[in-house]
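Q: Sending over a structure as structure tokens; questions will come in a sec.
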Amino acid sequence: MTKILLLIEDDKVLSRMYEKLLSNHGYTIEVTDNGEDGLEAALRDRPALILLDIGLPKMDGMTLMHKLRQDQWGKTVPIIILTNYDTDDERLKGVVEDQPAFYLIKSNNPPETVVEKIKEILGSTFQPKS
Amino acid sequence: MKWLRDLSVRSKFSIIISLILLILLFGLINFWIGLKIMSAIRAYVGGEGLWSKAQKEATNNLLKYSISFNESDYKNYLTFLQVPLGDKQARLELNKENPNIEIVRTGFIKGGNHSEDVDDLIFLYRWFRNVSYMDIAIKDWTQGDVEIEELVGVGEKIHAIVRSSVGGNEPILQATKSSELVPLIDEIYRIDKRLTVLENHFSATLSEGARRIRDILFAITVAMTIILGSIVLVIAIYIGKISVRVDKIKSEFVSRVSHELRTPLTAIIGITSMILKGEYSFRQERLNQPLQDIKSSSLHLLDLVNDLLEISRMQSGKLKLNLGEVNMRQAIERNVQIMQSLAQKKDIKIVFSSKEDFFVLADLEKVEQILYNLLGNAIKFTSKGKIEITMLQKGDKLLTIVRDTGEGIAKNERKRLFGRFEQTAIGNSSSHHGGLGLGLYLSRALARKMGGDVWLESSEVGLGSTFAFELLMAKTTEAKKLQKKLAKEFV
């Protein structure tokens, strides 16, 4: 059975690129381009992993992750943050508290690193602390 | 105070520096005048000393002469009399509307005054003769001269009586002469007594004036020190605040810029490496989309870099305009055509139906840049409905109105809409729309450089926004003025 991944990314070109990449590697990708739809899709479809951008319209990635962690299912779902903000950016203050599984700066990591990380996380028994 | 807030930091500093220079200049003038007045008062008091001494000596010699009948005493009396008479010559000349300074100078020198003090003496008399202390002192001096006149009269009488006895040796005749001289000698004493009072009053008045001026100068110096100190303090606080704000804005701007540059770079690097790894089929039709994406990302990157360069050029004042007559209808039509495909993708209609030609004085390239920005924003922030463009002539100006049915702009964001880096600082992720947020800042700055403006006419959250873009109509007086102004700037 193919695993469903949720990609929340507002840049059309990038979402097209990641979608192509991940479907090539056998994943089924659901894409949303804003935070509100992303949260709704996550809670409704319960994907195996979420790829989350931070700068998003309607609801930013940080808020989305925080809200997701309040949910019974959402608090354990692995989230890979895919952003171009640096870790010391104001917008990412407190990101560790919501325990993302991994943090990737998009421009500094080739697409295959994203695939490797997904495989690593989904293959492991990743369990965020409750 | 709104105009003060709207001033650029550079203008604010120019105003403050001019203010400080003005205060310093005032201080210097104040100091110079103060010194000159004090020096002049010192010279007058010194001059009065010489005057009194000479008057006393003249009186004594006259008295001596009236007893000794010795002609050399009378000559001494006349010599000493030259001092008050010299000062009188200066005073009378100074009272004239256009005094002959040479006459004044010889008068004061005759009065025994030091030649270097003469200018100060003249200065105080001419500029301050109506000031209370000086006025009283001059009255004393004038009265003193009246008394000297009387003394001269008495002296002449004594001289005449004594001369009539020359050659005669009879003791009886001598006694008769002496008895004639008695009332004149009494008169000399009376005159001297009156003069002593006047002399003392003259010096006391001027000394009192000097003390008063010292107090005033002290008060002015203290006030100036306080004002200057306060200004420097305010500047220091202001600079401190600005530097903190500038640091914050700068780091936010750098972070925003790097984020914006990374996004298209991610696509360019990511897609090319995927192509190289064989993630895409090498058939032309399969490569179309990724190659299109690489191209559009590269163009986006170029736009960002160009915006940054434009800002930098504008800040360093190197922006050059190529002014000419621009047909606004055609410029708008071209832009609408370019943006049409973008609008269609979002199912937005762009309406522009004007058939009338309006010519403005502007740089065509910059006009298109502004229109591109306004239309681009309207499309970016509108998800349904239409964008309407209209032209409206208002006197010497042409207004282009861009009205959308988009999401509108919240009140608290309106103030910072046209900010340079502030807008990017707003860019928290909840209102993320991409871009550096420099578009409106650049548009307004460019429009203003061309004698026009760009502003938010109205906006309502959920209903849309209306932006106005104003330019000068070609061939108007204002347009000619602008041409002249810009021609001067770029010489």
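Q: Any idea what the relative contact order of the stretch B:26-157 is, in percent, if you count C-alpha pairs under 8 Å spaced at least 6 apart?
A: 25 percent
Q: Pulled fully out, how much extra length does the chain show between B:Leu184 and B:Asp135, if you take 0.36 nm times their separation in residues and subtract their Cα-Cα distance? Present the calculation step by step, with values, prior to reporting the outcome.
A: Working: separation 49, 0.36 × 49 = 17.64 nm, distance 3.25 nm.
Fully extending the segment from B:Leu184 to B:Asp135 adds 14.4 nm.
Q: Could you pull out the chymotrypsin sites (Phe, Trp or Tyr not before Pro) across the stretch B:248-311 that fall in loop regions by DSSP (anything but H, G, I, E, B) with no more than 13 other Cβ atoms inside 10 Å? Can you show the working numbers first?
A: Working: sites: B:Phe253, B:Tyr280, B:Phe282; in loops: B:Tyr280, B:Phe282.
For chymotrypsin sites (Phe, Trp or Tyr not before Pro) across the stretch B:248-311 that sit outside H, G, I, E and B with at most 13 neighbouring Cβ atoms in 10 Å, the list reads B:Phe282.
Q: Then there is this: Could you give the semi-axes, largest first, of the ellipsoid that matches chain B, computed as the square roots of 5 times the alpha carbon gyration tensor eigenvalues and rounded to whole Å?
A: 96, 23, 18
Q: How are the alpha carbon pair distances in the stretch B:324-489 distributed across 5 Å bins from zero to the largest one, expressed in percent?
A: P(r) for the stretch B:324-489, in whole percents per bin: 2, 9, 18, 21, 20, 15, 9, 5, 2, 0.
Q: Now, a different point. Tell me the net charge near B:Ile348. Cut-off is 14 Å between Cβ atoms, B:Ile348 excluded, with +1 for each Lys or Arg and -1 for each Asp or Glu.
A: Working: positive: B:Lys345, B:Lys346, B:Lys349, B:Lys380, B:Lys384, B:Lys386, B:Arg403; negative: B:Asp347, B:Glu388, B:Asp404, B:Glu407.
Local net charge: +3.
Q: Sticking with this one: Across all directions of projection, what mean area in square nanometres is found for the Cα convex hull of the stretch A:4-123? Working shown, then result.
A: On the way: hull surface 26.3 nm².
Value for the stretch A:4-123: 6.6 nm².
Q: Sticking with this structure for a sec: Over the alpha carbons of the stretch B:1-108, what is the largest minus smallest coordinate on each principal axis, giving the biggest first in Å?
A: Principal-axis extents of the stretch B:1-108 (Cα, largest first): 90, 26, 19 Å.
Q: Given Cα pairs under 8 Å that are at least 6 residues apart, what percent is the relative contact order of the stretch B:1-99? Mind dumping the intermediate values first?
A: On the way: 34 pairs, mean separation 19.4, N = 99.
It comes to 20 percent, rounded to a whole number.
Q: Considering chain A as a Gaussian network with a 10 Å cut-off on Cα pairs, which listed residue, A:Asp53, A:Asp88, A:Asp45, attains the greatest mean-square fluctuation?
A: Its mean-square fluctuation being the largest, the pick is A:Asp88.
Q: Across peptide A:53-63, what mean number of C-beta atoms from other chains lies inside 10 Å of a residue's C-beta? Each step should come with its number before you reach the end.
A: Working: counts 3, 3, 12, 3, 7, 3, 3, 5, 2, 3, 2.
Shielding by partners across A:53-63 averages 4.
Q: Moving on. In nm, what is the difference between 0.36 nm times the number of residues separating B:Ser354 and B:Glu325 and their Cα-Cα distance? Before the final figure, lay out the partial values.
A: On the way: separation 29, 0.36 × 29 = 10.44 nm, distance 1.85 nm.
Working it through step by step, the gained length comes to 8.6 nm.
Q: Out of the stretch B:289-366, which GluC sites (Glu not before Pro) are coil in DSSP terms and have no more than 14 other C-beta atoms within 10 Å?
A: Values: sites: B:Glu310, B:Glu325, B:Glu333, B:Glu356, B:Glu365; in loops: B:Glu356.
In loop regions of the stretch B:289-366 (DSSP not H, G, I, E or B), the sparsely surrounded GluC sites (Glu not before Pro) are B:Glu356.
Q: Per residue of the stretch B:18-30, in order, report the coupling 6.51 cos²θ - 1.76 cosθ + 1.60 (Karplus, θ = phi - 60°) as ³J(HN,Hα) in whole Hz, putting x for Gly and Pro.
A: Each residue of the stretch B:18-30 in turn: 4, 4, 5, 4, 4, 5, 5, 5, 4, x, 5, 4, 4 Hz.
Q: DSSP loop trypsin sites (Lys or Arg not before Pro) in the stretch B:337-408 with at most 15 other Cβ atoms within 10 Å of their Cβ, which ones?
A: Numbers: sites: B:Lys345, B:Lys346, B:Lys349, B:Lys355, B:Lys366, B:Lys380, B:Lys384, B:Lys386, B:Lys394, B:Lys397, B:Arg403; in loops: B:Lys346, B:Lys355, B:Lys384.
Answer in residue order: B:Lys346, B:Lys355, B:Lys384.
Q: Further, regarding this structure: ³J(HN,Hα) across the stretch B:147-161 via Karplus (A = 6.51, B = -1.76, C = 1.60, θ = phi - 60°), whole Hz, x for Gly/Pro?
A: Coupling constants for the stretch B:147-161: 5, 4, 4, 4, 4, 4, x, 4, x, 5, 4, 4, 4, 4, 5 Hz.
Q: While we're here: How would the stretch A:1-64 be classified by its alpha-carbon gyration tensor: rounded, prolate or oblate, with rounded meaning a/c under 1.5 and the a/b versus b/c comparison settling the rest?
A: Details: a/c = 2.57, a/b = 1.35, b/c = 1.90.
Oblate.
Q: Which ³J(HN,Hα) values in Hz, rounded to whole numbers, follow from the phi angles of the stretch B:348-359 under the Karplus curve 6.51 cos²θ - 1.76 cosθ + 1.60, where θ = phi - 60° and Gly and Pro get x?
A: Using θ = phi - 60°, the values come out as 10, 9, 9, 10, 8, 10, 5, 10, 8, 8, 10, 9 Hz.
Q: Using only the alpha-carbon atoms, what does the stretch B:2-237 span along each of its principal axes? Please give whole angstrom values in decreasing order.
A: Dimensions of the stretch B:2-237 along the principal axes of its Cα atoms: 103, 30, 24 Å.
Q: In the stretch B:344-417, if every C-alpha pair distance is counted and binned at 5 Å from zero, what percent goes to each bin?
A: Percent of Cα pairs in each bin: 3, 13, 20, 23, 19, 15, 6, 1.
Q: How far, in nm, would the chain grow between B:Gln82 and B:Gln344 when pulled straight, counting 0.36 nm per residue and subtracting the alpha carbon separation?
A: Once the chain is fully extended between B:Gln82 and B:Gln344, it gains 83.6 nm.
Q: Which whole-number percent gives the relative contact order of the stretch B:252-315, counting Cα pairs below 8 Å spaced six or more residues apart?
A: Values: 25 pairs, mean separation 26.3, N = 64.
Rounded, it is 41 percent for the stretch B:252-315.
Q: Using the C-alpha gyration tensor of the protein assembly as shown, what are the square roots of 5 times its eigenvalues, in whole angstrom, with the largest one first? Numbers along the way, then the final one.
A: Numbers: eigenvalues 1969, 174, 64 Å².
In descending order the semi-axes read 99, 30, 18 Å.
Q: What angle do you read, to the nearest 10 degrees and between 0 and 90, between the alpha-carbon axis of helix B:364-380 and the longest principal axis of chain B?
A: Taking the Cα atoms of chain B, the angle to B:364-380 is about 60 degrees.
Q: Between B:Lys53 and B:Val246, what FRET efficiency comes out of the Förster formula 1/(1 + (r/R0)^6) with R0 = 60 Å and r the beta carbon distance, rounded to 0.05? Mind showing how you got there, number by number?
A: Working: r = 71 Å, r/R0 = 1.18.
Between B:Val246 and B:Lys53 the formula returns 0.25.
Q: Next question, about the same structure. For a Förster distance of 30 Å, can you work out the FRET efficiency between the beta-carbons of A:Glu36 and B:Leu299, rounded to the nearest 0.05?
A: Working: r = 30 Å, r/R0 = 0.99.
Calculated value: 0.50.
Q: What average count of beta carbons from other chains do you get within 10 Å of the Cβ of residues in B:292-299?
A: Values: counts 2, 5, 2, 0, 2, 4, 0, 0.
Mean shielding by partner chains, rounded to a whole number: 2.
Q: Any idea what log10 I(q)/I(0) is at q = 0.12, 0.18, 0.24, 0.26 Å⁻¹ for the stretch B:252-315, Debye with uniform C-alpha scatterers and no solvent?
A: These q points yield log10 I(q)/I(0) values of -0.39, -0.69, -0.96, -1.05.
Q: Would you mind computing, in nm to one decimal, how far apart the modelled labels at B:Asn70 and B:Arg211 are, each placed 7 Å from Cα along Cα→Cβ?
A: Taking the two extended label points, one gets 4.4 nm.
Q: Okay, next question. Can you tell me which of B:68-79, B:102-113, B:221-232 comes out highest on packing, and rank the rest after it, using the mean Cβ neighbours within 10 Å? Before the final figure, lay out the partial values.
A: On the way: B:68-79: 16.0, B:102-113: 18.8, B:221-232: 12.4.
Answer by packing, highest mean first, reads B:102-113, B:68-79, B:221-232.
Q: Once Rh is set to the Kirkwood radius over Cα pairs, what Stokes-Einstein translational diffusion coefficient, in µm²/s, holds for the stretch B:47-185 at a temperature of 10 °C and a viscosity of 1.306 mPa s?
A: Numbers: Rh = 16.6 Å.
Once the numbers are plugged in, D ends up at 96 µm²/s.
Q: Here's a follow-up. Quick one: work out Rg over Rh on the C-alpha atoms of the stretch B:213-271, Rh as Kirkwood radius.
A: Rg/Rh: 1.60.
Q: Other chains near A:17-27: what is the mean number of their Cβ atoms within 10 Å of each residue's Cβ?
A: 3
Q: According to a simple spin-label model (label point 7 Å from Cα along Cα-to-Cβ), what is the distance in nm between A:Ile105 and B:Gln289?
A: Each label point lies 7 Å from its Cα, and together they span 3.0 nm.
Q: Name the residues whose placed amide hydrogens come within less than 5 Å of the amide hydrogen of B:Ile350, ignoring near sequence neighbours (fewer than 5 apart) on the same chain.
A: Amide H neighbours of B:Ile350, under 5 Å, 5+ apart: B:Ile387.
Quick note: the coordinates plus some simple rules give every number you see, no bench work behind them. None of the values given here were measured: they were computed from a predicted structure. Cβ sites come from the backbone with ideal geometry, for glycine too, and all protein chains shown count toward neighbours.
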